[in-house]
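The values are calculated or read from the model by the stated rules, or taken from the named source; none is laboratory data. The structure presented is a predicted model; accordingly, all values stated were derived computationally and were not measured. For neighbour counting, all protein chains shown are included, and Cβ atoms are generated from backbone atoms with ideal geometry for every residue, glycine included. Areas reflect the complete protein model, heavy atoms only, side chains present, ligands, DNA and RNA absent. Shrake-Rupley method; radii C 1.70, N 1.55, O 1.52, S 1.80 Å.
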Amino acid sequence: MSRVSSSVATIAREFETRVANPVVRWLLRSPLHPLASFALVLVTYRGRRSGREYTIPVAYARDDGPLVAVTPKSETIWWTNFREPAACVVRLQGTREAAIGELVTDDAERAELLEVYAEQRRLLGRVLGLGDRDGDSSGDELAVVRFSLDS
């Protein structure tokens, strides 16, 4: 990555962290949540090492019961907190739900969940390159996290 594109990526990440995410968190907690909650949830979890509580907005798809989130491993780190199943809270369509988040590593299950995600989140699927895979969704560059709701 060139120095200029690295700087642009840094600025974009800072904007997302300091401006976009706080606005989306506010929106998803407000009575106006239907504007975004059809595609986004808030995930609140404790950092494995820091013990600090984090709340982040995440795009999701629904696979019958569980929620599925997909993120590029090289651009985010939140998914590392779910390498082992971990308790979290998901704000889904205005309601707080206890959940267990878990990184999906089984190739067949990943492929199935990536297909569900690409079907429900077509634009994000294309941005993540899911449409370019021609059915091969076993690539290691995407983290697939399943959130099983307790209810």
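Taking segment 116-151 on its own, how many of its residues are of a type outside the set (Lys, Arg) and either modelled with pLDDT under 80 or part of a helix (DSSP H, G or I) (or both)?
20
Restrict the check to segment 8-19 and report whether at least one residue is touching a Lys or Arg at 6+ places or on another chain (Cβ under 9 Å), aliphatic (A, V, I, L, M) and at negative phi. Give the steps one after another, and end with the answer.
Pass one, segment 8-19, residues touching a Lys or Arg at 6+ places or on another chain (Cβ under 9 Å): none.
Looking through segment 8-19, none of the residues is touching a Lys or Arg at 6+ places or on another chain (Cβ under 9 Å), aliphatic (A, V, I, L, M) and at negative phi.
Return a yes/no flag: does segment 93-110 have any residue that is aliphatic (A, V, I, L, M), out of contact with any strand residue (DSSP E or B) (no Cβ under 8 Å at 6 or more places or on another chain) and assigned to a helix (DSSP H, G or I). So that I can check it myself, show each step before the final result.
Of all residues in segment 93-110, those aliphatic (A, V, I, L, M) come to 98-100, 103-104, 108.
Narrowing the set further to residues that are out of contact with any strand residue (DSSP E or B) (no Cβ under 8 Å at 6 or more places or on another chain) leaves 108.
Then keep just the ones that are assigned to a helix (DSSP H, G or I); that gives 108.
Among the residues of segment 93-110, at least one is aliphatic (A, V, I, L, M), out of contact with any strand residue (DSSP E or B) (no Cβ under 8 Å at 6 or more places or on another chain) and assigned to a helix (DSSP H, G or I), which makes the answer yes.
Can you name the number of the only condition in (1) part of a helix (DSSP H, G or I); (2) in contact with a helix residue (DSSP H, G or I) (Cβ under 9 Å, 6 or more places away or on another chain) that THR80 fails?
(2) is the only condition that THR80 fails.
Need pairs with beta-carbon distance below 6 Å; first residue on the phi > 0 side of the Ramachandran plot and open to solvent by 30 Å² or more (accessible area, probe 1.4 Å) and within segment 83-105, second assigned to a loop (DSSP other than H, G, I, E, B) and hydroxyl-bearing (Ser, Thr, Tyr); sequence gap 6+ or separate chains.
Hits for this filter: GLN93/SER37.
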